[in-house]
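The values are calculated or read from the model by the stated rules, or taken from the named source; none is laboratory data. Just so it is clear, the structure is predicted and the values come from calculations on it, not from any experiment. As a convention, Cβ positions derive from the backbone with ideal geometry for all residues, glycine included, and neighbour counts pool all protein chains shown. All accessible areas refer to the heavy atoms of the entire protein, side chains included, with ligands and DNA or RNA removed. Shrake-Rupley method; radii C 1.70, N 1.55, O 1.52, S 1.80 Å.
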Amino acid sequence: MSETTNTNEGKKKPLLNGRRAVPSNNSNDEENEVPEMEAFGLIPRGFNPKDYLRVVDVHMFKDPHEINRQQHHTDKYYSPKLIVRRGQPFQIQIDFNRPYNPESDRFWLEYLIGRYPQQNKGTYIPILVGDVLKPGEWGAKITHKENNSIRLSIMSSATCIVGKFRLYIAVWTPFGILRTHRNSATDTYILFNPWCQQDAVYLDDEKEREEYVLNDVGIVFHGNINDIKLRSWSYGQFEENVLDACLFLMDKAELELSGRGNPIKICRVASAVINSKDDEGVIAGSWDNTYTYGVAPSAWTGSVDILLDYYSSKQPVRYGQCWVFAGVFNTFLRCLGIPARLITNYSSAHDNNANLQLDFFLDDEGKVDTKLTKDSVWNYHCWNEAWMTRPDLPVGFGGWQVVDGTPQETSDGSMYRCGPASVQAIKHGHVCFQFDAPFVYAEVNSDIVYSRREKDGTQVIENIDRTHIGQLIVTKEVGGDGMMNITEEYKFQEGSDEEKLALDTAVMYGVKKQTTQDTMYHPQMDVDMDFQVQKVVLGSDFKVTITFRNKSRNSYTATTYLSGNIVFYTGVTKTEFKKHSFSAKLEPSSSSTFDVVIKSSEYLNDLLDQASFHFFVTSRISETGKILAMQKATVLEIPTLRIKTQGETVAGKQMSVTVEFTNPLKQTLENVTLRLEGPGVLRTMKKEFRQIPANSTLIWELKCIPKQPGLRKLIASLNCDALRHVYGELSVQIQKP
């Protein structure tokens with residue numbers, strides 16, 4: 001045969017490498033051909049396969065109301081296939097062409113996954129029928145025989161691969177093996193099982209399982225430490241095609257099928273594939289306030305649109321910021337059965353050189369030098385926690401693990417990914433344990449250091465703020481929409497002996513901490529400065545009140561400088577919209593307050609989508625030359641959307657929903673997009689409005705047919721260039737028909 005002819009046209013041969021006999025098996029989607037007749041040798045002429053036991057039909061009991069889906073807590077998945085959880089028995093029924101005779105008939109089941117099934121890799125699983133099922137090991141036993149049918153109870157391994165398996169039934173004859181033909185109706189999805197004690201993701205509290213695995217809506221806490229805001233997010237892990245989209249993410253990340261029973265590996269590769277940096281992953285991040293050719297991060301109401309768009313287009317979806325990455329990651333984890341929750345860390349350190357301090361450089365006047373200052377404080381940052389054992393770490397570091405899909409520093413210099421890092425290890429400073437613990441430790445524990453360079457080049461530290469970073473870490477409470485403070489899971493009480501010990505441990509394990517020589521840092525101890533920002537609705541004037549407390553017997557003069565900046569929620573400045581300086585006389589042993597008024601006309605034109613301000617106040621005491629410095633972020637009150645329903649709300653019957661919004665600004669809003677979604681009630685609906693004049697009200701009415709009974713949530717967002725982060729939500733009780 002000449003070299004040019006290729007008998008295998010159209011089938012791309014995978015490249016082999018010298019180390020493995022079989023190509024890598026990292027796609028759940030690909031299949032191999034399985035012979036329906038596997039002959040042992042020459043077949044005698046009189047052989048008729050019809051003389052032997054033959055499979056006529058297989059019943060999977062795969063409907064949501066049937067036994068398998070009910071017992072395995074998978075009845076909410078909107079899928080026509082059987083979905084079960086590993087390490088727990090499920091039932092199937094096989095109809096033969098005649099009654100089954102255990103004395104003379106031999107048959108077995110074969111579960112296959114991927115294109116190159118191998119028994120030692122767990123991708124080819126032959127199951128013989130036995131008398132007993134061993135917990136957490138593959139096996140099958142007959143539970144019922146009637147006429148030509150048998151009922152089997154099948155146990156899967158508690159450590160088996162998570163994904164979509166193909167099922168074949170094989171019958172032995174003296175001349176060869178007869179198999180059922182490929183039938184996608186018998187495909188079986190096997191997921192993680194937090195209800196099974198032998199599973200690595202076992203969670204022992206039923207209320208927590210209902211929240212962290214089965215709840216398909218959640219809450220994102222945003223805003224900032226002084227003004228916490230919350231909004232709902234639709235995870236939608238049970239919606240149509242979402243499970244397939246999540247399995248596709250593991251194919252996209254090229255995770256070997258044999259590694260897909262391990263939640264540590266799955267979390268690690270998923271944290272890279274959730275963002276599009278370096279691997280064409282799910283979401284492209286954008287933090288620059290221009291969202292041309294994409295959807296503004298604030299407009300998304302949930303994960304389903306993003307995952308399904310990516311699954312069909314295979315192109316990164318534009319655009320996301322931290323809560324979008326975290327929302328989609330949470331959907332992925334809960335969909336596969338890994339307990340997960342979305343976390344918000346207020347005042348999160350973004351430290352460019354991971355030295356546990358954020359350096360803010362001041363110029364001679366005490367203003368922050370934006371060219372020199374590279375570190376920033378995010379008003380908040382969202383990541384996820386996933387629940388699992390950590391057999392790769394010493395005892396005691398299992399439980400909640402930090403995973404973060406937002407692209408920040410490249411972990412180990414290769415991919416943009418973060419985690420899983422043990423929360424317990426972070427708390428105790430044991431940052432030597434993989435993965436990326438030093439990075440997360442710095443996000444919640446850094447100090448802010450204000451320093452100034454003298455004319456001769458020496459650096460003088462003017463102020464150190466040890467309490468600003470990681471002041472509050474929260475997640476949604478179990479079984480409700482309230483906030484649960486979990487700061488103590490991450491750190492000991494500020495200033496306690498345990499906290500000092502954890503810091504020393506972290507430094508010992510290689511977290512860089514610069515030492516501040518005492519000679520360099522003598523702060524002004526006898527004067528305290530603080531400031532408060534008035535809370536107001538977008539479009540109003542407000543004031544900043546600065547308070548000095550002179551605790552000494554001396555009179556001081558304080559030259560004070562206020563800088564107001566419009567910032568991204570990441571703490572990066574876009575524009576300075578307010579500069580104000582004044583000289584203050586501080587009388588001995590007394591307090592004095594000063595107000596600075598800020599007019600709406602000063603900030604409205606430059607506002608960014610999170611309506612977020614950042615104020616620096618620095619004050620130099622003339623008599624001593626010492627500087628007091630402080631910074632605070634604040635968020636404006638943003639108007640909300642109102643959602644109402646009319647008439648009855650019954651599953652399977654049409655219902656009517658209206659969304660209302662009143663424009664609070666003194667200007668017309670242009671090119672406004674509304675979105676509305678609710679898992680189990682309606683798929684995302686979008687509507688565009690050309691204009692909403694100042695003070696006028698918009699009303700959008702639409703009809704839908706809810707699928708699932710129970711307490712459901714409708715979530716809406718409004719988005720335009722002048723106004724973002726406008727949300728509304730409504731809980732609706734959908735009645736059974």
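Taking the stated definitions as given, is LYS455 modelled with pLDDT of 85 or more, basic (Lys, Arg) and either part of a helix (DSSP H, G or I) or loosely packed, with under 11 Cβ neighbours inside 10 Å (or both)? First the steps, then the outcome.
Values: modelled with pLDDT of 85 or more: no; basic (Lys, Arg): yes; either part of a helix (DSSP H, G or I) or loosely packed, with under 11 Cβ neighbours inside 10 Å (or both): yes.
No: the conditions fail for LYS455.
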Collect the residues in region 28-51 that are loosely packed, with under 13 Cβ neighbours inside 10 Å and touching an Asp or Glu at 6+ places or on another chain (Cβ under 9 Å), keeping them in residue-number order. ASP29
Considering each of ALA629, ALA584 in turn, give the residue that is within 43 Å of the chain's Cα centre (by Cα) and assigned to a strand (DSSP E or B). ALA629
In region 714-737, what residues are β-branched (Val, Ile, Thr) and either without any contact (Cβ under 8 Å) to a residue 12 or more places away in the chain or under 30 Å from CYS322 (Cα atoms) (or both)? ILE715, VAL726, VAL732
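Output the number of residues of region 632-660 satisfying the condition of being in a strand (DSSP E or B), in contact (Cβ under 8 Å) with a residue 24 or more places away in the chain and either among the hydroxyl-bearing types (Ser, Thr, Tyr) or open to solvent by 60 Å² or more (accessible area, probe 1.4 Å) (or both). If you could, list the steps in order and put the result at the bottom.
Taking region 632-660 and keeping what is in a strand (DSSP E or B), we get 632-635, 637, 642-646, 650, 655-660.
Pick out the ones that are also in contact (Cβ under 8 Å) with a residue 24 or more places away in the chain and you get 632-635, 637, 642-645, 650, 655-660.
Add one more test, that the residue is either among the hydroxyl-bearing types (Ser, Thr, Tyr) or open to solvent by 60 Å² or more (accessible area, probe 1.4 Å) (or both), and what stays is 634, 637, 642, 644-645, 656, 658.
The number of residues fulfilling the criteria is 7.
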Hey, could you check region 534-576 for residues that are open to solvent by 30 Å² or more (accessible area, probe 1.4 Å) and aliphatic (A, V, I, L, M) and say which is modelled with the highest pLDDT? VAL537
List the number of the failed condition for THR593; all other conditions in (1) over 22 Å from ILE546 (Cα atoms); (2) open to solvent by 20 Å² or more (accessible area, probe 1.4 Å); (3) β-branched (Val, Ile, Thr) hold. (1)
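Given the structure, is THR143 in a strand (DSSP E or B), assigned by the TED database to the domain that holds VAL56 and out of contact with any helix residue (DSSP H, G or I) (no Cβ under 8 Å at 6 or more places or on another chain)? Lay out the reasoning, then the answer.
Values: in a strand (DSSP E or B): yes; assigned by the TED database to the domain that holds VAL56: yes; out of contact with any helix residue (DSSP H, G or I) (no Cβ under 8 Å at 6 or more places or on another chain): yes.
Yes, satisfied.
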Of the conditions (1) free of Cβ contacts under 8 Å to residues at least 24 places away in the same chain; (2) of a type in the set (D, E, K, R); (3) closer than 27 Å to VAL304 by Cβ, ARG690 satisfies every one except a single condition; which number is it? (3)
Scan (1) farther than 29 Å from ILE125 by Cα; (2) surrounded by fewer than 22 Cβ atoms within 10 Å (Cβ to Cβ); (3) without any contact (Cβ under 8 Å) to a residue 60 or more places away in the chain; (4) not hydroxyl-bearing (Ser, Thr, Tyr) for the single condition LYS265 breaks and write down its number. (1)
I'd like to verify a number: residues in region 522-537 that are in a loop (DSSP other than H, G, I, E, B) and more than 17 Å from SER619 (Cβ to Cβ), how many? 3
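How about region 310-375: which strands (runs of 3 or more DSSP E) wholly inside it have at least 2 residues that are without any contact (Cβ under 8 Å) to a residue 60 or more places away in the chain and more than 14 Å from the chain's Cα centre (by Cα)? Outline the logic, then answer.
Values: elements: 317-320, 340-350, 357-362.
Correct list: 317-320.
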Residue match in region 94-104 (condition: in the same structural domain as LEU178 (by the TED database), open to solvent by less than 40 Å² (accessible area, probe 1.4 Å) and within 28 Å of TRP195 (Cβ to Cβ)): yes
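Scanning region 216-237 for residues that are in contact with a Lys or Arg (Cβ under 8 Å, 6 or more places away or on another chain) and among the polar types (S, T, N, Q), which turns out modelled with the lowest pLDDT? Show your work before the answer.
Here is the first cut: in region 216-237, the residues in contact with a Lys or Arg (Cβ under 8 Å, 6 or more places away or on another chain) are 216-223, 226-227, 232, 234-235, 237.
If we keep only those that are among the polar types (S, T, N, Q) too, we end up with 226, 232, 234, 237.
Details: ASN226: 89, SER232: 96, SER234: 97, GLN237: 98.
Restricting to residues being in contact with a Lys or Arg (Cβ under 8 Å, 6 or more places away or on another chain) and among the polar types (S, T, N, Q), the top hit is ASN226.
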Please go through (1) without any contact (Cβ under 8 Å) to a residue 12 or more places away in the chain; (2) more than 27 Å from PHE360 (Cα to Cα); (3) of a type outside the set (A, V, I, L, M, F, W, C) for GLY625 and return the number of the only condition it doesn't satisfy. (2)
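So, of the residues in region 661-682 that are open to solvent by less than 30 Å² (accessible area, probe 1.4 Å) and more than 30 Å from the chain's Cα centre (by Cα), which turns out to be modelled with the lowest pLDDT? Even if it seems obvious, please write down each step before you answer.
Applying the first criterion (open to solvent by less than 30 Å² (accessible area, probe 1.4 Å)) to region 661-682 yields 661, 663, 665, 669, 672, 674-682.
Next, only the ones that are more than 30 Å from the chain's Cα centre (by Cα) stay: 663, 665, 669.
On the way: ASN663: 90, LEU665: 81, LEU669: 91.
Here the answer is LEU665.
With respect to ARG549, determine if the residue is in a strand (DSSP E or B) and not aliphatic (A, V, I, L, M). Write out each step before concluding.
On the way: in a strand (DSSP E or B): yes; not aliphatic (A, V, I, L, M): yes.
Yes.
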Looking at (1) within 17 Å of GLY218 (Cα to Cα); (2) touching a residue at least 24 places away in the same chain (Cβ under 8 Å); (3) among the aliphatic types (A, V, I, L, M), find the lone condition where LEU711 falls short. (2)
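Residue under question is LYS686, and the condition is that it be among the basic types (Lys, Arg), in a strand (DSSP E or B) and outside the structural domain of PHE238 (by the TED database); does it hold?
Criteria met by LYS686.
Quick grid of which residues meet (1) of a type outside the set (Ser, Thr, Tyr); (2) open to solvent by 30 Å² or more (accessible area, probe 1.4 Å); (3) over 22 Å from the mean Cα position of the chain (by Cα):
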{"position": "ARG182", "(1), (2), (3)": "yes, yes, yes"}
{"position": "TYR202", "(1), (2), (3)": "no, yes, no"}
{"position": "ILE225", "(1), (2), (3)": "yes, yes, no"}
{"position": "ARG231", "(1), (2), (3)": "yes, no, no"}
{"position": "GLN237", "(1), (2), (3)": "yes, no, no"}
{"position": "LEU243", "(1), (2), (3)": "yes, no, no"}
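Is it the case that some residue within region 286-295 is buried (at least 24 other Cβ atoms within 10 Å of the Cβ), in the same structural domain as ASN485 (by the TED database) and more than 30 Å from LYS121 (Cβ to Cβ)?
Scanning region 286-295, I find no residue that is buried (at least 24 other Cβ atoms within 10 Å of the Cβ), in the same structural domain as ASN485 (by the TED database) and more than 30 Å from LYS121 (Cβ to Cβ), so the answer is no.
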